[in-house]
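The block underneath contains the structure these notes are about, expressed in structure tokens.
None of the figures in this text is laboratory data; all of them are computed from the coordinates on show. Being a predicted model, the structure only gives us computed values, none of them experimental. Because the Cβ atoms are built from the backbone with ideal geometry, glycine has one as well, and the counts that use them run over all protein chains shown.
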Amino acid sequence: MWDRLLTNCNVATMDPAVPGGFGAIEDGAIGIQDGRIVRVGRRIDLAGYRAQRVEPLGGAWVTPGLVDCHTHLVFGGNRAGEFEQRLNGASYEEIARAGGGIWSTAKATRLASLEELVEQARPRLRALMAGGATTVEIKSGYGLDTMTEMKMLEAARALGESEKVRVAPTLLALHALPPEHRDARGDYVDMVVDEMIPAVADAGLAQAVDGFCEGIGFTPDEIGRLFEAADAHGLRVKLHAEQLSNLGGAALAAGHGALSADHLEHADEKGVEAMARAGMVAVLLPGAFYALRETRRPPVDLLRAHGVAMAVATDCNPGTSPILSPTLMMSMACTLFGLTPEEALSGMTVHAARALGLEGEIGTIAVGKAADLCIWRVSRPAELAYWVGLPGPERRIVAGEDANI
Ligand SMILES: [Zn+2]
């Protein structure tokens, strides 16, 4: 006797082993026991099974719960005031001179208590959940000192423990240079390598380490040191790479066995080949492309040609991607980057799970995986990427339990 049997539904398994678009099983059913999927198939093939709860879904579509694999969800304050100033005619320089930009977020994040960070992030997290997210990656990166980075990761953990969602925490250790280190870059990188990474690893606060490899961020040499330190402490790595220029970050990350390289607007074939050889995921972030009004698109055709899996994420952050809707990212991935609706949904399920190293646990509807599911009242899965402003799934299920907001 199973716990639950979802029936009379269409199942977009997103499982590459299931033939056909979206790995779809029409007129299907899903058996759930102890929070896991124990059977998925045609309704007729599951007809002999019994469950405590049998739930006919009236022809709705069931997808894996969405996985938002790149966010900066926890931060102090927000930058709506700067957004307003800019649209009232202030230049970036004027805003920066007045203390705006990333440093204003870092200051507010340092000043906020752990509880304040949690409560400020909670409505953002709930918005992503309402939009279908059942797993959300959360990066630190606005503390720029060990104490505040750890406070951000503790906030991420507290959110995961108090909401019906899985949280994957990432230490974004080299994001920006804090003003107190403006004339001592090397000292800052030393501090991250010698103090911050060991402290975070000892406390078990992060699963991966990330950096920002860019002219306005950190050099490939500095990122290389970061990755070596992460490796020495048993943490996986990923990288913000080739967003505004090409410093060879994708290939650098590939050389360190990274889970993913993210952004990639300026990636070239050499970088894409290296990612393919390393089995990395390309995380595309159309929200930042949109908010920054960028014009150079990531090399989707090259990624396809080399068989690099593409994930899609909100990049939710206060400066360059104030995005609170996972399905809007699927829409933008299609309209701005040319992904197919199936690629976009794969990008927020099966490939996003891989970008977090969680592909054994979530991302597809397959036997043995966690029963993280979304139930959508749509006629075909392409509607998830088609509508702009879709309100979200009718129901969410996390680890086999109803998890509506
Ligand atoms: Zn980011």
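Partners of Lys164 within straight-line reach, counting lysines whose Cα lies under 24 Å from its Cα and excluding those fewer than 8 residues away in the same chain: Lys139, Lys151, Lys369.
Return a whole-number percent for the relative contact order of the chain, with Cα pairs under 8 Å and 6 or more residues apart as the contact set.
Over the chain, the number comes to 19 percent.
Each residue of the stretch 189-200 is assigned a 3J(HN,Hα), and the resulting list reads 5, 4, 4, 4, 6, 8, 10, 5, 5, x, 5, 5 Hz, derived from the Karplus form 6.51 cos²θ - 1.76 cosθ + 1.60 (θ = phi - 60°), x at Gly and Pro.
Between the beta carbons of Ala184 and Thr340, assuming R0 = 45 Å, the FRET efficiency works out to 0.40 to the nearest 0.05. Against the longest principal axis of the chain, how steep is helix 220-232, in degrees 0 to 90 to the nearest 10, with axes from Cα atoms? So the inclination is approximately 60 degrees. Across the stretch 54-112, C-alpha contacts under 8 Å between residues 6 or more apart give a mean separation that, scaled by the residue count, equals a relative contact order of 43 percent. Computing FRET efficiency as 1/(1 + (r/R0)^6) for Glu361 and Glu116, where r is the C-beta to C-beta distance and R0 is 25 Å, gives about 0.20. Ranked by the mean number of other Cβ atoms within 10 Å of their residues, highest first, the peptides 273-281, 230-238 come out as 273-281, 230-238.
Please list, in order, the residues from the stretch 202-230 whose amide nitrogen is less than 14 Å from a point placed 7 Å along the Cα→Cβ vector of Lys270. Taking a point 7 Å out along Cα→Cβ of Lys270, the residues of the stretch 202-230 whose backbone N falls under 14 Å are 220.
Dividing the convex hull volume of the Cα atoms of the stretch 168-305 by its residue count, what figure in Å³ per residue is obtained?
Considering the Cα atoms of the stretch 168-305, their hull volume per residue is 110 Å³.
A viscosity of 1.002 mPa s and a temperature of 20 °C, combined with the Kirkwood radius over C-alpha pairs in the Stokes-Einstein formula, give the chain a diffusion coefficient of 100 µm²/s. DSSP finds beta bridges in the chain, and of those with both partners inside it, around 40 percent are antiparallel. Highest average first, the peptides 72-80, 98-106, 134-142 ordered by how many other beta carbon atoms sit within 10 Å of their residues are 134-142, 72-80, 98-106.
Does anyone have the angle between helix 326-337 and the longest principal axis of the chain? Alpha-carbon axes, 0 to 90°, nearest 10? Rounded to the nearest ten degrees, it is 70. The protection proxy used here, the mean number of other Cβ atoms lying within 10 Å of each residue, ranks peptides 331-339, 384-392 as follows, highest first: 331-339, 384-392. If you plug the beta carbon distance of Ala96 and Asp194 into 1/(1 + (r/R0)^6) with R0 = 41 Å, you get a FRET efficiency near 0.85. Taken over the C-alpha atoms, the stretch 3-60 has Rg and Dmax values of 10.9, 32 angstrom.
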